[in-house]
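One structure below.
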Amino acid sequence: MREHTYPQLGETVWEETLPNGLALRVVSKPHYTKACAFFVTRYGGMDLRFQRGGRWLDTPAGIAHYLEHKMFDTKDGNALQELAKNGAEPNAFTSNAITAYYFYSTEHFYDNLKILLQFVSIPYFTQESVEKEQGIIGQEIRMVEDTPDWQVYQQLMECLYEKSPARVSVAGTVESIRAITAETLYDCHNAFYTPSNMVLVVVGSVDPARVAAIARAVLPESGGPEIPRDYGEEESPAPAKGEAVQEMEVSMPQFLAGYKCPTPPEGAEQLRLSMIGDMACDILFGDSSPLYRRLYEEGLINGSFGGNFDILPGAAYLYVGGDANDPHAVHRSITAEAQRLGREGIDEGFYQQIRRAAYGQMIRSLNSFENIAIAQAEGVFHHYDYYAFPEVFASITKADIETFLRENITEERTALSLILPKV
Amino acid sequence: MTKTRMPLAEDVYLTYVPAVKFKTDFLSAQFITPLRREAAGLNALLSAVLERGCVRYPDMQQLSAALDLLYGANVEHVVRKRGENQLWGFVATCVDDAYLPDHAAVLEPLGDILGELICHPVLEDGRLKADYVLSERTNLLDAIRSVVNDKRALASKRLLEEMCRGEPYGLSHIGEEADVAAITPQQLTDHYRSAIASSRLELYYCGRAELERVVGVCRRIIRDLPRSGGAGIALPSPHSTRGEPQVIRDQMDVAQGKLGVGFTVDSSDKDAVFVMNTMFGGTSNSKLFLNVREKLSLCYYASSAYHRSKNLITVSSGIEFENYQKALDEILAQLEAMRRGDWEEWELTGARSCIANGHQSMADSASRMEDFYMGQVATGRDDTPESLMDAALAVTPERIMAAARATSLDTTYFLTGKEAQQDA
């Protein structure tokens, strides 16, 4: 394995790509008791239409997440229990773009790693066990349906996007998951759970060579073909729908405004864009922004107010929201302030202040093993070195942020999602 | 990693945990006072008002600018319930000097900001600024009402409220709507003056800095802190048992029912109760997870928590309305299995491994350690993660069965749909 040190960050990473195409990253964390392993496939809720053997396949909404649940079934029982017996804390999640299986443990790390690689690479389920899962996932979906944060987000995505699968909920619906069979799950596993479509990231005080040896011994020798995916036709800058409203059992109105941004680039440019987007959020509506202060002091927003810039497969958007009694007024103020900043420019002193805070924020995120593992995996999938962020960050200028705000945070690109209290 | 605890002034203590592994320093200043209904809202509101600004940084924009310039240092007010005390005050973090350009020292200025926020709030005619008090009062009222937004948290809150009615443990840590709505700037100012003088203050630091440096920072935080003698802290009162278990049912327009089951434990062998609870519903390997979820597919989550200071166990699960009785029966059946010692060897070994993992990995998180040590102080204990782990690992199957037999049903809570069948 090759060793890379990043003295400015106090970090060391060992890396290698195995002959089967698996990318391996071991992030060294001396002094820590725990270690974690994240085994990640580039397959998420948005990968509904893809090509296999020259044929386009359409799969039901929620299938990647369903597969995640069923992967824990093993020939001898359940991998969750195997890992828990060793004291590991195992878990998994499915996002729009990826599915990640992981565990944290303080003991038996290498045994646990072996179990992780085995159960994720060897599917073992039957039509019967697949059907049984309907009840559990059905309740997971019911749970999020009662969650206003989830509803306001889901409704926003349906407003912003017309054709992109970004508008489809990762878990699907109680109806869509009924169409899932053991056979479709096996098909999806065969397509996406190949070493060349996956990354293994280990964070902790571990022996990199031993990690690589286990990966070589457990995983298949060959990778898999590249999978062409279809994320829908190019979207127009305008949202599919300007506004959507839903009533729920909530104490006060909740809103989420979204701004549809152009298709993101690949490589280091993507990392750069995500930093520009994050800084644009800080400058436009972060805790220390003039807009935040004004809206807070006028009582239009409270501490729940905030947002972020997010990159998805083939799509990017900025969102901002919270609890507010007059969401329309807040929404108008955000767009107007972005346009003003784009036109008049950002105050130089304020820009330097936000720059410092943003740098500190990135260093701070290196305390989290999960942040590190996901950032490393994203870096592999999108072809950049995440730990090169200090250099990429240094290349960002005030004009970059102004252009971002002027071009993206506009009336034409925005949609508003509202949750109102039931009367 | 050894913890040092030392007094710094009258009823002011520092807990110091050295650690070189983190990129950040963690510094908290929390007052600990007995949880009482009227005081809860006052302390919660006060914490939020103090965060609005101080004489040196009189509004939120100037305060955030100062923090931004310290490379994105962070200060936030935090209000918690631990045992039967309320913890309120600030938690602050900053990137450690080692990772900053020129190794700029940010811990000292951050400590100064904490001291300013606590001791030099913005005053108008001798009172806390009315604008701040009134707008934070609105925000706190919104926060109190917003508990209905998170149905799982709502169900847990309602269960404890009903189960511990008349005990401080059943109170909300951020106060009640009616009490908070009535707070005036004058009243909050009077409360501020007496509270910061009489309440126990706990300072906590975790990071790379040497003890001597941290003591210096802390002395500056409390330089202007008035001290008038201790209001003391509350030790947990025993839960009063009821003759017959009670059943509470709320209705809302929801898609999923939320079941909460509360048990009281009549045993002083808390280490055994802890291990018993871990096997019963504490992990994704527990009886509740494997049976209520995996075997019967009734839910996505089913877990239990041990409230050690009060010797209570609460179970929480999200289910279809009509599965109420089925889920409750299964939960009680699993407790019965624990009483009989009906488990396989791996269930106990697995629980022990999880306990070891949980306690050992605590040292990998500055905030988890802070929460642990503040919890110790608030419940009048002086345990360490290691001592609790060792005690738990020594628990025998006989003691686990005895703990389960000492556990009895107290309250069943169900949040159900508006149109749900009443016999659901």
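Provide a single number: the residues in the range A:360-394 that are more than 18 Å from A:Val203 (Cα to Cα) and in contact with a helix residue (DSSP H, G or I) (Cβ under 7 Å, 6 or more places away or on another chain).
Number satisfying all stated conditions: 5.
Note down all Cβ pairs under 9 Å where the first residue falls in the range A:395-423 and is within 14 Å of chain B (Cβ to nearest Cβ), the second is of a type in the set (Phe, Trp, Tyr) and surrounded by 21 or more Cβ atoms within 10 Å (Cβ to Cβ), and they're at least six residues apart or on different chains.
Close Cβ pairs satisfying both conditions: A:Ile419/A:Phe255.
Being within 14 Å of chain B (Cβ to nearest Cβ) and outside any helix (DSSP H, G or I) is true for just one of A:Gly349, A:Gly321, A:Gly307, A:Gly360. Which residue is that?
A:Gly321
Looking for something among the aliphatic types (A, V, I, L, M), in contact (Cβ under 8 Å) with a residue 12 or more places away in the chain and either closer than 20 Å to B:Ile248 by Cα or surrounded by fewer than 21 Cβ atoms within 10 Å (Cβ to Cβ) (or both) - is there at least one such residue anywhere in the range B:350-361?
Yes - at least one qualifying residue is present in the range B:350-361.
Kindly evaluate B:Val91 against the criterion of being in a helix (DSSP H, G or I) and of a type in the set (A, V, I, L, M).
No, not satisfied.
Kindly indicate which of B:Glu76, B:Glu38, B:Glu84 is within 11 Å of another protein chain (Cβ to nearest Cβ) and under 21 Å from the mean Cα position of the chain (by Cα).
So the residue among B:Glu76, B:Glu38, B:Glu84 that is within 11 Å of another protein chain (Cβ to nearest Cβ) and under 21 Å from the mean Cα position of the chain (by Cα) is B:Glu76.
Taking only the range A:156-177 into account, find how many residues are under 23 Å from A:Gln134 (Cα atoms), of a type in the set (D, E, K, R) and either assigned to a loop (DSSP other than H, G, I, E, B) or at pLDDT below 95 (or both).
Number of matching residues: 1.
Take the conditions within 22 Å of the chain's Cα centre (by Cα) and either over 30 Å from A:Leu200 (Cβ atoms) or of a type in the set (D, E, K, R) (or both) and apply them to A:Leu416. Does it pass?
In short, yes.
Would you check if A:Ile141 is surrounded by fewer than 21 Cβ atoms within 10 Å (Cβ to Cβ), at the interface with chain B (Cβ under 10 Å from one of its Cβ atoms) and not in a loop (DSSP other than H, G, I, E, B)?
no
Residues to consider are A:Asn91, A:Asn78; find the one that is surrounded by fewer than 20 Cβ atoms within 10 Å (Cβ to Cβ), under 17 Å from A:Val201 (Cα atoms), within 14 Å of chain B (Cβ to nearest Cβ) and not charged (D, E, K, R).
Going through A:Asn91, A:Asn78 in turn, the sole match is A:Asn91.
Go through the range B:20-41 residue by residue and tally those that are surrounded by 21 or more Cβ atoms within 10 Å (Cβ to Cβ) and over 16 Å from B:Gly230 (Cβ atoms).
Of the residues in the range B:20-41, 11 are surrounded by 21 or more Cβ atoms within 10 Å (Cβ to Cβ) and over 16 Å from B:Gly230 (Cβ atoms).
Of everything in the range A:12-34, what is outside any loop (DSSP other than H, G, I, E, B) and either touching an Asp or Glu at 6+ places or on another chain (Cβ under 8 Å) or within 16 Å of B:Asp364 (Cβ to Cβ) (or both)? Give them in sequence order. Quick ask: steps written out before the conclusion?
Going through the range A:12-34, the residues outside any loop (DSSP other than H, G, I, E, B) turn out to be A:12-17, A:23-28.
Across the range A:12-34, the qualifying residues are A:Thr12, A:Val13, A:Trp14, A:Ala23, A:Leu24, A:Arg25, A:Val26, A:Val27, A:Ser28.
For the range B:124-144, which positions are acidic (Asp, Glu), surrounded by fewer than 21 Cβ atoms within 10 Å (Cβ to Cβ) and in contact (Cβ under 8 Å) with a residue 12 or more places away in the chain?
Within the range B:124-144, the first condition is being acidic (Asp, Glu), and the residues that meet it are B:124-125, B:131, B:136, B:142.
From what is left, the residues that are surrounded by fewer than 21 Cβ atoms within 10 Å (Cβ to Cβ) are B:124-125, B:131, B:142.
Scanning the range B:124-144 gives no hits.
What pairs come out if I take residues in the range A:103-118 that are more than 8 Å from chain B (Cβ to nearest Cβ) and pair them with residues that are buried (at least 17 other Cβ atoms within 10 Å of the Cβ) and acidic (Asp, Glu) whose C-beta lies under 6 Å away, six or more apart or interchain?
Close Cβ pairs satisfying both conditions: A:Ile115/A:Glu82.
Give all pairs with beta carbons closer than 8 Å in which a residue from the range B:242-262 that is within 14 Å of chain A (Cβ to nearest Cβ) meets a residue that is exposed (fewer than 14 other Cβ atoms within 10 Å of the Cβ); count only pairs at least 6 apart in sequence or on separate chains.
Between residues of the range B:242-262 that are within 14 Å of chain A (Cβ to nearest Cβ) and residues that are exposed (fewer than 14 other Cβ atoms within 10 Å of the Cβ), the close pairs are B:Gln251/B:Lys418; B:Met252/B:Lys418; B:Asp253/A:Lys422; B:Asp253/B:Lys418.
Restricting attention to the range A:293-304, and to residues there that are more than 8 Å from chain B (Cβ to nearest Cβ) and in a helix (DSSP H, G or I), which single residue is surrounded by the fewest Cβ atoms within 10 Å (Cβ to Cβ)?
A:Arg294
Could you tell me which of the residues B:Val106, B:Val55 is surrounded by fewer than 21 Cβ atoms within 10 Å (Cβ to Cβ) and of a type in the set (A, V, I, L, M, F, W, C)?
On inspection, the qualifying residue turns out to be B:Val55.
Where in the range B:110-187 are there helices (runs of 4 or more DSSP H), lying wholly inside it, with at least 2 residues that are touching a Phe, Trp or Tyr at 6+ places or on another chain (Cβ under 6 Å)?
Once the helices (runs of 4 or more DSSP H) in the range B:110-187 are filtered for at least 2 residues that are touching a Phe, Trp or Tyr at 6+ places or on another chain (Cβ under 6 Å), what remains is B:151-163.
I'd like the full set of residues that are of a type in the set (D, E, K, R) and more than 7 Å from chain B (Cβ to nearest Cβ), limited to the range A:126-138.
Passing the criteria: A:Glu128, A:Glu131, A:Glu133.
Could you check, for the range B:68-87, whether at least one of its residues is in contact (Cβ under 8 Å) with a residue 24 or more places away in the chain, touching an Asp or Glu at 6+ places or on another chain (Cβ under 9 Å), within 16 Å of B:Glu370 (Cβ to Cβ) and among the small types (Gly, Ala, Ser)?
No, that holds for no residue.
When the residues of the range A:363-377 are narrowed to those that are in contact (Cβ under 8 Å) with a residue 12 or more places away in the chain and surrounded by 20 or more Cβ atoms within 10 Å (Cβ to Cβ), which ends up farthest from the other protein chains (Cβ to nearest Cβ)?
Once the filter is applied, the top-ranked residue is A:Ala377.
Which members of the range B:91-106 meet the condition of being at pLDDT 95 or above, more than 8 Å from chain A (Cβ to nearest Cβ) and in contact with a helix residue (DSSP H, G or I) (Cβ under 6 Å, 6 or more places away or on another chain)?
Once the filter is applied, which keeps residues that are at pLDDT 95 or above, more than 8 Å from chain A (Cβ to nearest Cβ) and in contact with a helix residue (DSSP H, G or I) (Cβ under 6 Å, 6 or more places away or on another chain), the range B:91-106 yields only B:Ala92.
So is B:Ala29 assigned by TED's automatic domain parsing to the domain that holds B:Ile118 and assigned to a helix (DSSP H, G or I) or not?
So B:Ala29 fails the test.
The values are calculated or read from the model by the stated rules, or taken from the named source; none is laboratory data. Every value quoted in this text rests on a predicted model; they were computed, and no experiment measured them. Backbone-built Cβ (ideal geometry, glycine too); neighbour counts: all protein chains shown.
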